[in-house]
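Step one of this worksheet: look at the structure below.
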Amino acid sequence: MALRHAVLAALLDGESSGYQLAKTFDVGVANFWHAVPQQLYAELAELERRGLVAGRQVIQESRPNKRLFHVTEAGLAELERFAADASRPSFIRDDLLVKVQAADHIDTAPVVLQLRERAAAAEARIELLGKVLLRLRGDASEEEYLRTGDRIGPYLTCLRGLSFERSHRDWCLHTVGALEERRTSRAER
């Protein structure tokens, strides 16, 4: 997947400025695709050049002017083509896992601290994603929303993010417990 597909998918909810798109990525898309604002602005320019999005200038009196972008028919066709392509399996590439892999040969105190920090960060994202899910479905139950909601794609990707963050938090805390117990038992010998 290229950044262009994530941007096109994020713009399906309607017109968005680069700033709004960055906020969308920060909250709703970050659980499956990371991009910094500079990358998003460059990608919007490239998508517009290729005719996959169209932009329009909005004149503002008390603020700088802004451009709003929306997906074109060519952009929708690109998303259709992308959706039909086979997806590659995902993989993990994480420096913290390398540190845990080496745990039998290193001082694990700094690793335990990093695991606790990751668990806390995951907990914060769990809370944020929970709020996003509630905002998306409103008063509807999850089952009702999935059956009748206007757009369930963002909801389903948030559910995946929530599942990932819970699993990651639990693994970090489990690993902290195992490393600390091992360190205590070694110290007692």
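Quick look at the numbers
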| item | result |
| --- | --- |
| Read-out Cα Rg over 2.2 N^0.38 Å, derived from the coordinates shown; its label in [x] 1.02; [y] 1.31; [z] 0.91 | [y] |
| Charge dipole (debye, nearest 20) of the stretch 148-189; +1 at Cβ of Lys and Arg, -1 at Cβ of Asp and Glu | 160 debye |
| Nearest-20 debye value, the chain charge dipole, Cβ charges on Lys, Arg, Asp, Glu | 300 debye |
| The stretch 59-108, Cα convex hull volume normalised per residue, Å³ | 141 Å³ |
| Simple Cβ-charge dipole of the stretch 95-188, Lys/Arg +1 and Asp/Glu -1, about Cα centre, in debye nearest 20 | 200 debye |
| Estimated FRET transfer efficiency (Leu113, Arg189; beta-carbon r; R0 30 Å; 0.05) | 0.80 |
| Mean Cβ count within 10 Å, highest first, over the residues of peptides 46-54, 5-13, 149-157 | 5-13, 46-54, 149-157 |
| GNM flexibility winner over the chain from Ala84, Ala119, Ala22 (Cα, springs under 10 Å) | Ala84 |
| Shape of the stretch 95-188, Cα gyration tensor, a/c cut at 1.5 | prolate |
| Crossing angle, helix 73-84 versus the chain [Cα axis fit, 0-90 degrees, rounded to tens] | 40 degrees |
| Cα-based shape type of the stretch 1-62, given that a ≥ b ≥ c are square roots of the gyration tensor eigenvalues and the cut on a/c is 1.5 | oblate |
| Reachable lysines, given that their alpha-carbon falls under 29 Å from the alpha-carbon of Lys23 and they are not under 8 places away in the same chain | Lys66, Lys131 |
| For the stretch 119-136, 3J(HN,Hα) per residue [Karplus equation, 6.51 cos²θ - 1.76 cosθ + 1.60, θ = phi - 60°, Hz, x = Gly/Pro] | 4, 5, 5, 5, 4, 5, 5, 4, 5, 5, 5, x, 5, 4, 4, 5, 5, 5 |
| Choice from Ile92, Ile126, Ile106 showing the highest fluctuation, given a GNM over the chain with Cα pairs closer than 10 Å | Ile92 |
| Separation between Cα centres of the stretch 101-133 and the stretch 1-68, rounded to whole Å | 30 Å |
| Sequence ranges 32-40, 165-173, ranked by mean other-Cβ count within 10 angstrom, highest first | 165-173, 32-40 |
| In sequence order, calculated HN-Hα J values of the stretch 85-100 (Karplus, 6.51, -1.76, 1.60; Hz; x Gly/Pro) | 5, 5, 8, 7, x, 7, 9, 9, 9, 9, 5, 5, 5, 5, 5, 5 |
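Each reported figure results from applying straightforward, stated rules to the coordinates on display, with no laboratory input. All values derive from a computational prediction rather than experimental measurement. With ideal geometry, Cβ positions are generated from the backbone for all residues, glycine too; neighbour counts draw on all protein chains shown.
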